Amino acid sequence: MTLDYSSSFHYLVALLPECVLFVGGMGVLLAGVSKTDEQRRPELGWLALAVLAAAAVANGWLYSVSESGATAMIAVDKFRLFANWVFIVGAALTIAISLAYVSRQRLQAAEYYALIAFATVGMMVVAASRDLMIVFLGMETVSIAVYALAAFNRRDPRSAEAGLKYFLLGAFASGFLLFGIALIYGAAGSTNLQAIAVAVQDGAAAGGLMIPGMALLVTGFAFKVSAVPFHMWTPDAYEGAPTPVTAYMASAVKAAAFVAFARILFVGLDGVYDQWFPILWWIAAATMVVGNLVAVVQSSIKRMLAYSSIAHGGYLLVALVAANDAAAAGLLFYLFVYTVTTVGAFAVVVTVGRQSERDTAIEKYAGYGWRRPVLGTLMTLFLLSLAGFPGTGGFMAKFYVLQGAAEAHLWWLLVVLVLTTLVSYWYYLRVAWFMWMKEAPEGAVHRVGGATPFAIYVVLLVCGGIVLATGLLPGAAIDLAQGSVEGLRHWVAGTAPAH
């Protein structure tokens with residue numbers, strides 16, 4: 001089927017996964033009214049997973065759909081479809097590790113799962129957008145849903161604090177983003193990425209508005225991806241939010257912001273690369289350095305993973321600075337591996353905390369590997385992948401980002417990336433050392449007792465399998481990522497600019 005966007009029906013076809021997921025999310029809300037709160041919690045989680053499966057089928061079907069031209073506000077390209085897989089996988093894994101948590105904490109299940117579905121809809125809209133206003137609407141859909149999720153546990157004051165901090169600074173970032181869009185519109189006369197690219201290429205864009213608009217846009221996205229110095233909200237928000245929500249924020253939400261950032265920079269603002277290159281260069285370097293150094297001194301596993309998330313944002317920013325096809329493919333591959341690895345690590349954190357917010361201190365992991373060898377082994381695997389240890393998906397993800405940066409001759413940034421990666425080994429292996437080398441405190445065996453929920457075991461095995469598969473046999477995944485970015489950067493001019 002070929003879409004020419006001559007009617008609203010074609011836009012509905014282009015947005016089929018989003019429509020399926022939105023309607024399904026509404027169905028989850030309505031289903032939550034029909035039973036008592038205790039009865040409905042597990043069933044609603046499985047219903048939400050079924051809705052995500054239906055959205056995945058719709059996303060797969062879009063591979064058979066093509067566009068006539070690339071000027072519409074909604075893209076049906078492989079870049080968007082690959083990103084959708086990341087969002088769907090991230091949401092499904094998050095819901096799976098939430099099933100027991102929601103029941104244990106007596107949370108409102110229908111609203112919880114529906115918010116995850118609606119946030120995922122926003123992410124898909126962001127990935128599909130070729131217009132800055134649609135990007136903004138998609139990002140706000142994500143943000144509003146995640147604000148509520150971060151503050152969802154009303155019995156925990158830390159959750160309310162996390163939601164409030166995230167909301168205040170998120171709204172601040174949205175102001176930067178919208179003001180930047182307004183200035184770019186004033187400079188180029190359009191919010192469509194193709195029209196902006198053409199205006200910049202032809203010299204028709206007003207530089208007096210374009211440059212400050214670009215700077216404000218980069219600032220807004222720097223908040224969204226937790227880049228230094230706009231990362232202040234991240235540790236408190238991640239630590240206070242319910243642990244499954246923290247996993248979702250650190251993986252899928254971050255992935256959505258990077259996907260939007262990449263399309264805007266590689267397509268709409270590629271012609272002003274010389275202007276945004278130095279800004280992102282320094283932000284990437286500072287993010288890698290600060291994220292890793294501060295993570296070293298953390299005593300809470302959630303805060304450590306929060307600063308780890310900031311550091312990984314710096315690695316991903318290196319791919320944006322490189323701005324070539326190899327780096328773009330590395331970015332997609334990295335987002336997929338990082339999403340799976342992060343959710344897997346947080347699944348272990350949820351289990352150690354017994355479906356609550358207890359035992360988040362790293363010292364609580366003492367001897368855990370010997371008491372729960374399967375979970376300890378998988379947690380060690382996830383930590384090694386996050387560190388970039390050879391044989392894991394995290395190593396290959398960093399390798400492909402490094403390859404793209406090397407093609408762009410970003411040698412000093414490569415040095416920073418390698419050195420900060422070495423620093424990260426300290427705090428990742430510190431957790432593994434506690435699990436395997438530190439003797440468990442007296443009475444710890446009884447405290448950790450209880451069966452691990454079946455859904456969490458499935459998540460852990462799936463995540464562990466993907467981490468090993470992408471580390472040992474990454475060919476299929478990287479080929480899919482490379483095929484997804486073909487033509488993304490130079491469909492306007494017909495050739496890639498020389499950076």
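At-a-glance table
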| quantity | calculated |
| --- | --- |
| Only one of Ala361, Ala255, Ala366 that is of a type outside the set (Val, Ile, Thr) and under 20 Å from the mean Cα position of the chain (by Cα) | Ala255 |
| Selection from segment 236-249 of residues that are buried (at least 24 other Cβ atoms within 10 Å of the Cβ) and in a helix (DSSP H, G or I) | Ala237, Tyr238, Gly240, Thr243, Pro244, Val245, Thr246, Ala247, Tyr248, Met249 |
| Any hit, segment 99-121, residues being among the acidic types (Asp, Glu) and either touching a Ser or Thr at 6+ places or on another chain (Cβ under 7 Å) or at pLDDT 95 or above (or both) | no |
| Residue, farthest from Ala182 (Cα to Cα), within segment 103-120, restricted to residues that are in contact with a Gly (Cβ under 7 Å, 6 or more places away or on another chain) and among the aliphatic types (A, V, I, L, M) | Ala109 |
| Breaking point among (1) surrounded by 21 or more Cβ atoms within 10 Å (Cβ to Cβ); (2) without any contact (Cβ under 8 Å) to a residue 12 or more places away in the chain; (3) charged (D, E, K, R), for Lys224 | (2) |
| Residues that are of a type in the set (A, V, I, L, M) and within 28 Å of Ala91 (Cα to Cα), drawn from segment 341-371 | Val343, Ala345, Ala347, Val348, Val349, Val350, Val352, Ala361, Ile362 |
| Verdict on Val135 being of a type in the set (Val, Ile, Thr), farther than 30 Å from Asp156 by Cα and in a helix (DSSP H, G or I) | yes |
| Selected residue (only one of Ala199, Ala171, Ala252, Ala187 is surrounded by 24 or more Cβ atoms within 10 Å (Cβ to Cβ), aliphatic (A, V, I, L, M) and assigned to a helix (DSSP H, G or I)) | Ala252 |
| Residue in segment 1-57 that is modelled with the highest pLDDT, counting only those that are aliphatic (A, V, I, L, M) and outside any helix (DSSP H, G or I) | Leu15 |
| Some residue of segment 124-131 being in contact (Cβ under 8 Å) with a residue 12 or more places away in the chain, part of a loop (DSSP other than H, G, I, E, B) and either basic (Lys, Arg) or in contact with an Asp or Glu (Cβ under 7 Å, 6 or more places away or on another chain) (or both) | yes |
| Segment 69-89 - residue that is surrounded by fewer than 20 Cβ atoms within 10 Å (Cβ to Cβ) and under 18 Å from Ala195 (Cα atoms) and, of those, modelled with the highest pLDDT | Met73 |
| Residue check for Gly163: assigned to a helix (DSSP H, G or I), of a type outside the set (Ser, Thr, Tyr) and either touching a Gly at 6+ places or on another chain (Cβ under 6 Å) or under 17 Å from Tyr147 (Cα atoms) (or both) | yes |
| Number of the exception - Leu488 against (1) at pLDDT below 90; (2) in a helix (DSSP H, G or I) | (2) |
| Top-ranked residue of segment 102-115 - restricted to ones that are among the hydroxyl-bearing types (Ser, Thr, Tyr) and under 18 Å from Val253 (Cβ atoms), ranked as surrounded by the most Cβ atoms within 10 Å (Cβ to Cβ) | Tyr113 |
| Any hit, segment 302-321, residues being in contact (Cβ under 8 Å) with a residue 12 or more places away in the chain, over 19 Å from the mean Cα position of the chain (by Cα), over 15 Å from Lys398 (Cα atoms) and surrounded by fewer than 24 Cβ atoms within 10 Å (Cβ to Cβ) | no |
| Among (1) farther than 27 Å from Arg158 by Cα; (2) part of a helix (DSSP H, G or I), the one test that Phe389 misses | (2) |
| Segment 271-286: number of residues that are in contact with a His (Cβ under 7 Å, 6 or more places away or on another chain) and surrounded by 24 or more Cβ atoms within 10 Å (Cβ to Cβ) | 0 |
| Wholly within segment 295-380, helices (runs of 4 or more DSSP H) carrying at least 3 residues that are at pLDDT below 90 and closer than 16 Å to Trp433 by Cα | 368-371 |
| Only one of Gly208, Gly268, Gly213 that is farther than 30 Å from Ala96 by Cα, buried (at least 24 other Cβ atoms within 10 Å of the Cβ) and either without any contact (Cβ under 8 Å) to a residue 60 or more places away in the chain or charged (D, E, K, R) (or both) | Gly213 |
| Filter result (surrounded by fewer than 20 Cβ atoms within 10 Å (Cβ to Cβ) and hydrophobic (A, V, I, L, M, F, W, C)) within segment 417-431 | Val418, Leu419, Leu422, Val423, Trp426, Leu429 |
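A quick yes/no check of all residues on (1) touching a Leu at 6+ places or on another chain (Cβ under 8 Å); (2) in contact (Cβ under 8 Å) with a residue 12 or more places away in the chain; (3) charged (D, E, K, R); (4) on the phi < 0 side of the Ramachandran plot:
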| position | (1), (2), (3), (4) |
| --- | --- |
| Glu140 | no, yes, yes, yes |
| Ser143 | no, yes, no, yes |
| Asn153 | yes, yes, no, yes |
| Gly170 | no, yes, no, yes |
| Tyr185 | yes, yes, no, yes |
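The values are calculated or read from the model by the stated rules, or taken from the named source; none is laboratory data. Predicted model only: the values in this text are computed from it and were never measured. Reconstructed Cβ throughout: ideal geometry from the backbone, glycine too, with neighbour counts over all protein chains shown.
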